[in-house]
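Shown next, in structure tokens, is the structure this report addresses.
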Amino acid sequence: MRRSISFLLVCGLLSGCGAVGRLSNVGRAPKMTPMEQPTAPAIEGSLGQQSASQRLGTEQAPAAAQAQPQVASASLFRTGAGAFLRDQRASRVGDIVTIKINIEDKAEMDNTTQRSRSGSEKSGVAALLGLQNLLPSSIDPGNLVQTNSTSDSGGSGNTSRTEKVNMTVAAVVTAVLPNGNMMIRGRQEVRVNYELRELVVMGLIRPEDIGRDNSIPHSKIAEARISYGGRGQLTDVQQARWGQQIYDALFPF
């Protein structure tokens, strides 16, 4: 009894903590996730953005600038600079690639199972080494053991699912593997009134699969992780109350 009371108190405290968090957000729109600091390789600044003293080397550079890696030269065809002849598709850490998500899946499954089994056993000993005389008269040695069993089970299941998502999101290259494949991650959040819609895309892509318009379909993303959902008042209404969730998880029948 004490354990049951302690368990109920712990559940009440945990639910109370969640309730306090929800009460603090009453009348407020859901907070958007802060933007992460993008990663990109060091690119040499343009000569047109430097002053004459910096080009001549007479101006003392600040300490932060001295800490940055020094570039080899100031060529117009330096690494990272825009060029007419260079492939403008994403290929390095920090580059942006467009992900075209067009999910239209439909699955239907119907299974039926029927099983039936029956068994019967009967055994007896007419003369039990003379011990049959010691048994009560109501017991027949010829019918000592007699069993009958019958089992019957049947089951049927039907699954029908339809999903459709058609969106476009920009992702950032977060890493380049030794074989040239790239890890990407994209996040998009849109808040309308008190509901926040968020889309997260992660996975591994090949440079060869990127189109001329610097886009790639979601079907060519390996280890794809696509999350589409929301946060806000409408999402809270669609969720079952915490008491009902605990009841569904613990009730055995």
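Every read-out reported here was derived from the displayed coordinates using simple, explicitly stated rules and does not represent laboratory data. Everything numeric here is computed off the predicted structure, so don't read it as measured data. Please note: Cβ atoms are built from the backbone with ideal geometry, for glycine as well, and neighbour counts cover all protein chains shown.
Tabulated values for the structure
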| quantity | calculated |
| --- | --- |
| Order by protection proxy (mean Cβ within 10 Å, highest first), peptides 150-163, 98-111 | 98-111, 150-163 |
| Cross-link partners of K106 among lysines (Cα-Cα below 24 Å; sequence separation of 8 or more within a chain) | K164, K220 |
| Derived scalar couplings ³J(HN,Hα) [the range 176-190; Karplus, 6.51 cos²θ - 1.76 cosθ + 1.60; whole Hz; x for Gly, Pro] | 10, 6, x, 8, x, 5, 10, 8, 10, 8, x, 9, 9, 10, 10 |
| Förster radius 25 Å - calculated FRET efficiency between V165 and M109, Cβ distance, rounded to 0.05 | 0.70 |
| Debye-sum result for the range 141-228 in log10 I(q)/I(0), which assumes one identical scatterer on each alpha carbon, at q = 0.14, 0.16 Å⁻¹ | -0.68, -0.80 |
| Approximate spin-label separation L250-T147, in nm, with each point projected 7 Å along Cα-to-Cβ | 4.0 |
